[in-house]
Amino acid sequence: MTIKVTALEDAEVRPRRVAIGTFDGVHIGHRAVIYGADTVLTFDPHPLEVLHPAAAPKLLMPFGVKRDVLDGIGIEEMVVIGFNQEFTRITAEQFIEQILVERLGAVEVAVGENFRFGTGAKGTPGMLEAHPEFETRVVPLVEQGGETVSSSRIRALVAAGDMTQARACLGVPFMIEGTVVAGDRRGRELGFPTANIVPDDRLVSPGHGVYAAFANGMPAAVNVGVRPTFETGRGMLVETHLLNQDVDLYGRTLRVAFVERLRGERRFDSPEALIEQMKLDVEKTARVCASFQRP
């Protein structure tokens, strides 16, 4: 990892090519804005968590995944604005003069055409274009499959389990990350040991079902759901079975990249019937992962 993560108040003044946005998901529309920038100016938490908590969306990416994706596309620095009530009182002109010009030394600024900023969201791309201190690039919305690419659209695709379309919009597979917790060890008893993650309720979770995926870079069959064949009472889990691997991941961080939904989650009449289906799921996962072309 080479990206530098800096709080706004700690940022050194230097000439920067800045892309501004929340960039939840870092999808292909975001990448069109980010293209050519060396610095991403973003917000944490999501502005709606402060402005309208009841309307705040579940996020596509935890902070660490977003940082790594930005690093992967060549961004040198991620400058983070701690979005709070105090920040909501900064006017659009103050945002431009105090943050972009004085603090960041921006020589180029890129935003999406629907970007708004400052108190009351009165700041517009046109206001940025009117400032001679930097060159402004306003990027039109990007379409994929005849529809505008947006974080809200991708959230719906992920929730529906459509990882193929989600990946087309994101540019990379949808990913989740979490610490592996102890399970009831039933997977090991069935011959398919799993590493289990409890989904973060603040983040989007894939629709219930079985998926072909990569977990920490290794091919994996993943079940997302509540295991209806057994009465566990444990709630939703992401259960990851690494193909041809028996690695103790308890307590470690696991990052799962979803490639394709294989089937929905369903109840089986017996453990034996479940085992036979799991064998088929693993075989199909192996084929899907072997043919997957990573970006």
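Structure values in brief
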{"item": "Any chance residue 138 is touching a Lys or Arg at 6+ places or on another chain (Cβ under 9 Å), modelled with pLDDT of 95 or more and in a strand (DSSP E or B)", "result": "no"}
{"item": "Residue in region 97-104 that is surrounded by 13 or more Cβ atoms within 10 Å (Cβ to Cβ), free of Cβ contacts under 8 Å to residues at least 60 places away in the same chain, in the same structural domain as residue 46 (by TED's automatic domain parsing) and not hydrophobic (A, V, I, L, M, F, W, C) present", "result": "yes"}
{"item": "Hits in region 93-122 (condition: in a loop (DSSP other than H, G, I, E, B) and not small (Gly, Ala, Ser))", "result": "104, 113, 114, 115, 116, 122"}
{"item": "Every residue from region 143-184 that is of a type in the set (Val, Ile, Thr), closer than 15 Å to residue 222 by Cα and within 11 Å of the chain's Cα centre (by Cα)", "result": "158, 176"}
{"item": "Single residue of region 64-92 satisfying the filter (surrounded by fewer than 20 Cβ atoms within 10 Å (Cβ to Cβ), in a loop (DSSP other than H, G, I, E, B) and hydrophobic (A, V, I, L, M, F, W, C)) that is nearest to the chain's Cα centre (by Cα)", "result": "73"}
{"item": "Tally of residues being within 21 Å of residue 7 (Cβ to Cβ) and in contact (Cβ under 8 Å) with a residue 40 or more places away in the chain across region 112-138", "result": "1"}
{"item": "Region 1-29, residues that are in a strand (DSSP E or B) and within 23 Å of the chain's Cα centre (by Cα)", "result": "4, 5, 6, 7, 18, 19, 20"}
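Each row is one residue, and each column tells you yes or no for (1) in the same structural domain as residue 99 (by TED's automatic domain parsing); (2) at pLDDT 95 or above; (3) hydrophobic (A, V, I, L, M, F, W, C); (4) more than 17 Å from residue 84 (Cα to Cα).
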site	(1), (2), (3), (4)
11	yes, yes, yes, yes
18	yes, yes, yes, yes
21	yes, yes, no, no
26	yes, yes, yes, yes
61	yes, no, yes, yes
66	yes, no, no, yes
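The values are calculated or read from the model by the stated rules, or taken from the named source; none is laboratory data. All of these numbers come straight from a predicted model, not from anything done at the bench. We place every Cβ from the backbone using ideal geometry, glycine too, and count neighbours over all the protein chains shown.
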